[in-house]
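Throughout, read-outs are computed from the coordinates displayed, never taken from laboratory work. Model, not experiment: these values are computed from the prediction. We place every Cβ from the backbone using ideal geometry, glycine too, and count neighbours over all the protein chains shown.
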Protein chains: 2
Amino acid sequence: MGNHLLAALTGEEMRRLRPHLEPVTLQRRATLHETGSRVLHGYFPTECVISMVHVAADGNSTEIGVIGNEGCTGASAVATGGGVPLRAVVRAPGAAFRVKVAALQAEFRRGGRFQRVLLRYMRAVIGQSAQIAACNRRHSVDQQLCRWLLSGLDRAADNQLAMTQEGIAAMLGVRREGVTEAASSLQKAGLIRYSRGRIAVLSRGRLEARACECYKLLRGETERLVRDVYSAKL
Amino acid sequence: MGNHLLAALTGEEMRRLRPHLEPVTLQRRATLHETGSRVLHGYFPTECVISMVHVAADGNSTEIGVIGNEGCTGASAVATGGGVPLRAVVRAPGAAFRVKVAALQAEFRRGGRFQRVLLRYMRAVIGQSAQIAACNRRHSVDQQLCRWLLSGLDRAADNQLAMTQEGIAAMLGVRREGVTEAASSLQKAGLIRYSRGRIAVLSRGRLEARACECYKLLRGETERLVRDVYSAKL
DNA sequence: GCCGTTCTGTGCGCTACCGAACATTCCGGC
DNA sequence: GCCGGAATGTTCGGTAGCGCACAGAACGGC
């Protein structure tokens, strides 16, 4: 149950990086980095889930990407220094490795496998954000909720998700009432059960059927990413 | 009137790359690369404008990013090989440099300034797509149209844009009628004048005032990008 | 067991946008 | 000068989501 990006490194790279890997437990809703501000650490989730969120001037937020144990935060900061254009929030608490950006940068600049892995990951991030952007535009709250639940479920240990409807609404960029309605409809249909911020997915299959095709595409992209980072061809 | 990414290279890098720079004139609406397919060339606009467009299974499209002489296509393909997750379409015709991906990759792997420039550019792309995603979700067709016009204008030679309302609708991911209505309202207010695919911007200032704040943010990000690629600190 | 807080449910009027159908205007080619 | 196609204009009913206001329900601390 490690992190795929780290697991894909060569032995030598891992030896160099290991002293800088700091195991941490991330608390729900913690903000790991803030829009525009300087990034000090990259986080490599092993058991937690992190959301990348765009924050508008009026405080409205929109989730642009999700990071589980297939990714990391701050990749672009590692590649270029400076800040990232998004806020990173812990969506599901749990274990992760924290690494100083400087250490990551040093390894990145060596131009080895770590660099290729991180670049491949950045490509996935761009694709993911494009897909979510299109989904935002086109699909109903109901469909998006299904996609959101599944994207969390794929990265979770069990069939449980911890998030209030208020929180989900903020991520999807819709009203809380809209989420209430969609969630209540899902519950009536027996796909999920929830209460006060705890959601249990009862029928993953039916949830997938109800979600828009964006979910399948996003999932496929993630699987390709994982395959690629382990591939000798990278 | 060159391309900023190329202009920021060192003399030595430019000497190596110059033999591979192929000046081309891009025709309006040409598709430079297609979603998912293998990318053979990167394009560095000098006088044209290119749109990065997400295409859904049903054919619906959504513009995720714009590229003028501050950027290039296929950056992520250069960094990692393989395809890009978006379609690139010529939005305004004109000159560009075409370069084989293999040549770009070779230069990228040297790990010099070109690499840092391209990475910095990828960071801008991620930020841009996040901003546009949020804008898609939140703002009215009218506001988005203003933003779209301005984003083209910034990269155009004069105050003219060539694009039918049908075309704009496809980029913004809205109905053609919605664009007709918004455009006609802008014309009545004296901000633009248009006819059959030719749009003239009459009052840039008022257009900016009417656009959502996304435009200013996107523009600021682009300006920072251009500043950074020329900066010695990169 | 009480109470404040957090979370969820519901109703209402409103607006922006959608989908479809059709009318009109303009341009370029013959 | 005529004609076909492309671009734009307009209308109409339908609906998803918004903003607001408030009601109930559950949990957590004391």
message = Taking a point 7 Å out from Cα toward Cβ as the label site, list the nm distances between B:SER37 and the same residue in every other copy, smallest first.
response = 4.5
message = So the label point sits 7 Å from Cα along the Cα-to-Cβ vector; using that for B:SER140, what distances do you get to the other copies, in nanometres, sorted shortest first?
response = 2.6
remark   = Quick calc, A:THR164 & B:ALA189: beta-carbon distance into FRET formula, R0 56 Å, rounding 0.05, result 0.85
ask   = With a sphere of radius 15 Å drawn around the Cβ of A:LYS100, what net charge do the other residues whose Cβ falls strictly inside it have (Lys, Arg +1; Asp, Glu -1)?
value = +3
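Under 10 Å from the Cβ of A:GLY197, count the other residues' Cβ atoms, weight Lys and Arg +1, Asp and Glu -1, and hand me the total.
Numbers: positive: A:ARG28, A:ARG196, A:ARG198; negative: A:GLU166.
Counting the neighbours of A:GLY197, the net charge comes to +2.
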ask   = 222 nm [θ] for chain A, helices only, -39500 (n - 2.57) per DSSP H run of 4+, per residue, to 500?
value = -14000 deg cm²/dmol
Of B:ALA157, B:ALA79, B:ALA96, the one that fluctuates the most in a GNM where chain B has Cα springs shorter than 10 Å = B:ALA157
remark   = If A:LEU202, B:LEU104 are placed from fewest to most neighbouring beta carbons inside 10 Å, the sequence is A:LEU202, B:LEU104
task = Name the aspartates and glutamates eligible as straight-distance cross-link partners of A:LYS100: C-alpha to C-alpha under 14 Å, and not fewer than 8 places from it in the same chain.
result = A:GLU22
query = In chain A, which residue puts its Cβ closest to the axis that turns chain A onto chain B, and how many whole Å away is it?
reply = A:ALA133, 2
key: Order of A:ARG87, A:ARG28, B:ARG15 under a 10 Å beta carbon neighbour criterion, fewest first   = B:ARG15, A:ARG28, A:ARG87
note = Residues whose modelled amide H sits under 5 Å from the amide H of B:HIS41, counting only those 5 or more places away in sequence or on another chain, are B:VAL101
Candidate aspartates and glutamates - alpha carbon under 12 Å from B:LYS216, same-chain residues fewer than 8 apart omitted = B:ASP154, B:GLU208
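Counting only C-alpha contacts under 8 Å and six or more residues apart, can you give the relative contact order of chain B as a whole percent? If you can, show how the numbers build up before the last one.
Numbers: 417 pairs, mean separation 51.7, N = 234.
Relative contact order of chain B: 22 percent.
Relative to the Cα centre, what is the charge dipole magnitude of segment A:100-220, using +1 at the beta carbon of each Lys and Arg, -1 at the beta carbon of each Asp and Glu, and rounding to the nearest 20 debye? Numbers along the way, then the final one.
Working: 22 positive and 9 negative charges, 99 e Å.
Charge dipole of segment A:100-220: 480 debye, to the nearest 20.
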message = Using each residue's phi in segment A:82-87, evaluate 6.51 cos²θ - 1.76 cosθ + 1.60 at θ = phi - 60° and report the 3J(HN,Hα) Karplus result to the nearest Hz, with x for Gly and Pro.
response = x, x, 10, x, 9, 8
message = When a/c reaches 1.5 or more, the comparison of a/b and b/c decides; with that in mind, is segment B:106-234 rounded, prolate or oblate per its Cα gyration tensor?
response = prolate
query = Amide H of B:TYR194: which non-local residues (sequence gap of 5 or more, or other chain) have their own amide H closer than 5 Å, using H built in the peptide plane?
reply = B:ALA200
ask   = Could you give the distance between the Cα centres of segment B:193-233 and segment A:104-160, to the whole Å?
value = 29
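Within a Cβ distance under 15 Å of A:GLU70, other residues only, what is the Lys/Arg minus Asp/Glu net charge?
Values: positive: A:ARG91, A:ARG120, A:ARG123, A:ARG155, A:ARG219, A:ARG224, A:ARG227; negative: A:GLU47, A:ASP154, A:GLU221, A:GLU223, A:ASP228.
Result for the local shell: +2.
As a footprinting exposure proxy, order A:THR180, A:THR222 by other Cβ within 10 Å, with the fewest listed first. Mind showing how you got there, number by number?
Details: A:THR180 14, A:THR222 21.
With the sparsest Cβ surroundings first, the list reads A:THR180, A:THR222.
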ask   = Given label points at 7 Å from Cα along Cα→Cβ, what nm distances, shortest first, separate B:ALA189 from the same residue in every other copy?
value = 4.0
note = Residues whose modelled amide H sits under 5 Å from the amide H of B:VAL49, counting only those 5 or more places away in sequence or on another chain, are B:ARG91, B:ALA92
